[in-house]
Amino acid sequence: MSYDYNAIEKKWQAYWAKNETFKADGNSKKEKYYVLDMFPYPSGAGLHVGHPLGYIASDIYARYKRHKGFNVLHPQGYDSFGLPAEQYAIQTGQHPAITTKDNIARYREQLDKIGFSFDWSKEVRTSDPAYYKWTQWIFIQLFNSWYDIDADKARDIKELEAIFASEGNATINAVCDEDVKEFSAADWNGFSSKEQQQELLKYRLTYLAETEVNWCPQLGTVLANDEIVNGVSERGGYPVIRKKMTQWSMRISAYAERLLQGLETIDWTDSLKESQRNWIGKSVGASVTFDIKGYNDKIEVFTTRPDTIFGATFMTLAPEHDLVAKITTAEQKEAVDTYVEATAKRSERERMADVKTISGVFTGAYAEHPFTKEPVPIWIGDYVLAGYGTGAVMAVPCGDQRDYDFAKHFDIPIKNIFEGIDISEEAFADKEKTVIANSDFLNGLNYKKATKTAIYELEKLGQGQGKTNYRLRDAVFSRQRYWGEPFPVYYVDGMPQMIDATHLPVELPEVEKYLPTETGEPPLGRADVWAWDAVNNKVVPNDKIDDTTIFPLELNTMPGWAGSSWYLFRYMDAGNEEAFASEEALQYWQNVDLYIGGSEHATGHLLYARFWTKFLHDKGSLPVDEPFKKLINQGMILGTSAIVYRVSGTDNYVSKGLKDSYETEELRVDVSLINSADELDIEGLKKWQPQFKDANFELEDRKYIVGREVEKMSKRWYNVVNPDDICNDYGADTLRLYEMFLGPLEQAKPWNTAGITGVHSFLKKMWKLYHNEEVFAVTDTEPTKDSLKTLHKTIKKVEEDIENFSFNTSVSTFMIAVNELTAQKCTARAILEPLAVLISPYAPHIAEELWQKLGNNESVATAGFPVFEEKHLVESTKQYPISFNGKMRFTMELSLDLSKDEIEAAVMAHEKTQQQLAGRTPKKVIIVPGKIVNLVG
RNA sequence: GCUGAAGUGGUGGAAUUGGUAGACACGUUGGACUUAAAAUCCAAUGUCCAUUAGGACGUACGGGUUCAAGUCCCGUCUUCAGUACCA
């Protein structure tokens with residue numbers, strides 16, 4: 001009976017599905033463990049071999065935890081809203097829902113082939129109305145909340161209204177828009193309803209605001225900062241420009257400090273935490289206000305170095321700063337206008353690329369130094385960014401290199417305020433070595449003391465205070481797209497109103513085309529039935545809008561990260577129609593114990609999910625305030641593209657070794673046409689694409705050798721390797737083992753099938769171990785000492801490997817074990833039964849088959865993990881290497897039963913030792929447990 | 001520039017706490033079986049010297065600590081990833 005992986009895998013996949021082997025029990029007495037993968041976007045291209053890498057790792061861990069007696073939740077679903085399905089709809093007219101459904105079916109089929117232990121009864125799809133009902137519900141919760149800084153949590157907006165009505169807003173310490181004006185209770189009560197709504201909007205955790213956004217004309221939508229890579233859109237690579245639009249925003253900045261602090265409580269990699277820290281970008285310093293000479297206005301700046309305030313010899317405003325137009329003098333007006341216009345024309349990208357060039361213009365206006373009262377010239381310069389801090393800086397050229405360069409370039413005086421430091425060549429920015437001079441009351445103080453004193457004095461003057469600034473910006477939440485969650489929002493007199501939560505979901509309307517309208521409205525502007533009947537609480541045709549009972553609905557949809565920010569909680573209780581998950585389920589499952597996914601989500605999804613979790617925790621909807629306790633980033637599996645060389649202007653292709661003799665261009669061809677020796681299947685290529693049909697090929701050694709290039713696996717490079725082919729040729733167990741064997745989980749690595757035969761033949765050897773020729777040959781004989789040693793060595797190593805996520809080395813461990821047991825001619829059940837359990841997380845199908853043949857009725861998944869016993873590893877004697885002063889090295893055999901003193905005595909008495917140590921008697925013998933005996937002379 | 005990770009045979013990669021570097025696999029070479037091929041099995045395989053016995057060198061480079069360093073410390077170089085006029 002040979003190892004028929006196809007039949008075995010089919011059989012057990014069907015068995016698992018039928019018996020719901022991996023269904024997680026919601027109210028178990030067992031300890032819970034929640035293992036989650038980042039759910040995939042179901043793209044039309046299907047899965048490639050890179051996708052399953054993380055899934056296999058999490059599956060191994062989930063299966064291992066089940067063996068260890070945990071109640072494991074290991075679900076899977078789809079992040080099924082997104083741009084590609086919409087783009088496809090624009091091109092073909094096919095509804096994105098249909099595309100998405102087809103793609104999901106394909107994904108499911110591919111996933112099933114690999115034998116994952118997912119609990120499919122808890123599947124979620126973000127585009128399912130039963131799911132996005134709750135995404136909309138969370139949005140409403142955010143709208144109805146404000147952030148109380150004193151309580152350091154989100155509170156109900158009704159409580160804020162009550163305070164406004166009784167005390168006004170003077171006592172409120174909230175995270176809100178910057179243009180909030182103070183009002184009394186009387187003012188508030190005198191406001192019209194619309195005015196009140198406008199004020200409240202400035203406090204809500206999701207709010208409408210005119211914001212400068214990243215507009216991508218080609219995609220017809222706005223993009224979040226993390227959707228832009230190098231100034232072009234992440235998807236498609238189109239240019240992005242700045243544009244002002246009214247958009248929904250999420251007040252994530254309210255959570256900046258908690259998002260930062262929370263990192264201390266979770267087990268993520270340092271690099272990932274570091275990216276989030278950088279993204280949040282906390283800097284501690286002071287805000288300082290400068291009076292403008294001749295105007296009533298003030299300029300507020302943020303600085304991390306208030307200690308250097310006496311070195312401020314000028315100020316710089318961002319060209320977009322509101323005050324620029326106002327304070328520019330008549331003489332400077334032309335120069336300033338030209339400069340501002342030129343800056344506005346330059347794209348963000350150009351501005352970034354061109355860091356070296358120093359540019360700026362003097363406004364003609366002066367501010368007044370808060371302490372010296374001396375005039376400080378006000379300049380504008382594009383090195384100051386409108387989007388950070390207040391868009392204005394106090395320039396201290398002696399302490400900041402950019403200010404220094406700017407001052408040198410425009411011949412602005414540089415004042416040295418550092419004791420004993422030469423600043424004739426460059427600025428001095430070392431805080432630790434700072435001693436302040438030339439600065440009135442700060443003279444002689446170090447950085448820390450000077451900072452404190454400066455802030456104290458500024459506060460006394462009423463011209464500043466200590467301040468912490470965050471780089472983290474509020475997140476724009478509107479997208480001008482069709483295929484996303486509709487907002488549960490309609491507009492009365494221009495003010496947004498939430499649809500009552502009992503009438504959710506508000507389902508996506510039908511449109512005849514998926515493009516923006518001719519007037520520039522989002523695609524939902526094309527819907528005929530997209531108005532809200534506020535009396536009967538339902539969606540009705542647009543032509544009924546009367547603005548008294550029937551109102552227009554929001555035309556934007558939510559961004560991709562809306563649905564993915566909370567999906568982990570939906571899995572806990574996926575079918576629930578009364579709540580996003582029941583209280584019991586949330587209590588029991590808490591949060592994700594192990595999360596595996598790509599590092600590309602470091603500052604997007606992973607930050608937003610933490611934000612929503614903290615918010616829902618504040619509102620009492622969640623018992624936890626972090627979503628993912630432990631996170632592992634799997635490395636990307638890269639493709640190896642194949643390149644042919646076409647002689648320019650001809651239809652001739654030359655082999656790689658000959659290309660240098662010609663002028664050639666590189667074309668990528670499908671990797672399936674290449675064999676393991678980089679040799680091209682020329683006939684196959686001719687059939688692959690018509691452009692190669694009549695091509696000529698110049699060979700070397702009668703072969704056409706292609707060039708190889710390691711790059712991201714992508715359809716456009718024709719380097720995608722499909723897991724189905726591997727499953728057909730070698731089986732899912734081989735694929736699983738091989739993907740793990742490729743290298744460390746977290747490392748990026750190119751896909752190559754060179755070593756796959758080694759893994760495959762291991763499985764065949766494993767199979768043979770349980771069979772003698774054609775028959776199953778496990779016996780009840782007593783295991784030998786050697787076999788017991790092999791088994792327990794393997795248990796120990798595999799357990800350690802899984803706990804450390806070093807899945808690659810356990811594959812080697814299995815290979816060694818099988819080789820040893822084969823050599824020992826081991827047939828003992830006492831060895832082979834636990835071995836099947838050990839390997840079942842990695843190669844579950846073969847394990848199930850062997851398990852069943854061993855006479856077990858239940859799935860191997862329910863078996864307990866073998867217990868490691870140290871005693872089987874202990875040997876009676878062991879070879880010890882002995883070194884002396886690093887010069888001599890020899891081995892001696894020692895009994896382990898001896899005490900430390902006895903070993904020392906034995907070493908000293910050892911004949912060889914004495915010979916070699918002649919004349920150099922060691923004073924001490926150091927016994928390092930288990931390894932080496934050292935003689936120290 | 002900054003932050004993070006890494007650098008080990010022909011290749012992918014092992015090496016627990018500082019304790020026999022190169023496990024395991026691929027590839028290569030030789031052999032067995034076979035009419036032949038595939039499959040399978042066996043042996044060799046870091047470099048150099050040596051017929052052998054054996055020896056020397058060897059974990060990017062240069063130093064250091066230690067009886068002992070791939071591992072720890074200092075400096076240099078290189079690669080990858082993220083990020084950037086962040087005041």
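The values are calculated or read from the model by the stated rules, or taken from the named source; none is laboratory data. Note that this is a predicted model, so its numbers are computed, not measured. Methodologically, a virtual Cβ is constructed for each residue, glycine included, from the backbone with ideal geometry; neighbour enumeration extends over all protein chains shown. Heavy atoms of the whole protein, side chains included, go into the accessibility calculation; ligands, DNA and RNA do not. Shrake-Rupley method; radii C 1.70, N 1.55, O 1.52, S 1.80 Å.
One line per residue, one yes/no per condition, for (1) of a type in the set (Val, Ile, Thr); (2) within 16 Å of RNA strand B (Cβ to nearest atom); (3) closer than 23 Å to residue A:331 by Cα; (4) not in a helix (DSSP H, G or I):
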residue: A:364; (1), (2), (3), (4): no, no, yes, yes
residue: A:379; (1), (2), (3), (4): no, yes, yes, yes
residue: A:386; (1), (2), (3), (4): no, yes, no, yes
residue: A:398; (1), (2), (3), (4): no, yes, no, yes
residue: A:409; (1), (2), (3), (4): no, yes, yes, no
residue: A:431; (1), (2), (3), (4): no, yes, no, yes
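Looking at residue A:57, is it open to solvent by less than 10 Å² (accessible area, probe 1.4 Å) and within 30 Å of residue A:517 (Cβ to Cβ)?
no
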ask   = residue A:213: in a strand (DSSP E or B), in contact (Cβ under 8 Å) with a residue 12 or more places away in the chain and out of contact with any Leu (no Cβ under 6 Å at 6 or more places or on another chain), yes or no?
value = yes
message = Of the residues A:581, A:609, only one is outside any strand (DSSP E or B), out of contact with any strand residue (DSSP E or B) (no Cβ under 6 Å at 6 or more places or on another chain) and within 15 Å of residue A:38 (Cβ to Cβ); which?
response = A:609
task = Test residue A:390 against the stated conditions and say whether it is within 12 Å of RNA strand B (Cβ to nearest atom), of a type in the set (Ser, Thr, Tyr) and farther than 30 Å from residue A:357 by Cβ.
result = no
query = How many residues does the range A:793-813 hold that are near RNA strand B (Cβ under 10 Å from one of its atoms) and either of a type in the set (S, T, N, Q) or more than 14 Å from residue A:61 (Cα to Cα) (or both)?
reply = 11
key: Check on residue A:325, away from RNA strand B (no atom under 14 Å from the Cβ), touching a residue at least 60 places away in the same chain (Cβ under 8 Å) and within 24 Å of residue A:244 (Cβ to Cβ)   = no
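Results for (1) closer than 30 Å to residue A:508 by Cβ; (2) part of a loop (DSSP other than H, G, I, E, B), shown as yes or no for each residue.
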| position | (1), (2) |
| --- | --- |
| A:22 | no, yes |
| A:33 | no, no |
| A:36 | yes, no |
| A:44 | yes, yes |
| A:49 | no, yes |
inquiry  = When the residues of the range A:798-825 are narrowed to those that are open to solvent by 60 Å² or more (accessible area, probe 1.4 Å) and among the aliphatic types (A, V, I, L, M), which ends up nearest to residue A:761 (Cα to Cα)?
reply    = A:816
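Results for (1) under 26 Å from residue A:284 (Cβ atoms); (2) modelled with pLDDT under 90, shown as yes or no for each residue.
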residue: A:334; (1), (2): no, no
residue: A:341; (1), (2): no, yes
residue: A:365; (1), (2): no, no
residue: A:374; (1), (2): no, no
residue: A:405; (1), (2): yes, yes
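Residue-by-condition table, conditions (1) over 23 Å from residue A:835 (Cα atoms); (2) in contact (Cβ under 8 Å) with a residue 12 or more places away in the chain; (3) more than 14 Å from RNA strand B (Cβ to nearest atom):
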position: A:705; (1), (2), (3): yes, yes, yes
position: A:710; (1), (2), (3): yes, yes, no
position: A:715; (1), (2), (3): yes, yes, yes
position: A:737; (1), (2), (3): no, yes, no
position: A:752; (1), (2), (3): yes, yes, no
position: A:763; (1), (2), (3): no, yes, no
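Could you please give the count of residues in the range A:455-498 that are more than 30 Å from residue A:441 (Cα to Cα), open to solvent by less than 50 Å² (accessible area, probe 1.4 Å) and among the small types (Gly, Ala, Ser)?
3
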task = Take the range A:709-744 and flag every residue that is part of a loop (DSSP other than H, G, I, E, B), surrounded by fewer than 22 Cβ atoms within 10 Å (Cβ to Cβ) and aliphatic (A, V, I, L, M).
result = A:720, A:721
remark   = Filtering the range A:465-506 down to residues that are closer than 29 Å to residue A:576 by Cα and in a strand (DSSP E or B) yields A:479, A:486, A:489, A:490, A:496, A:497, A:498
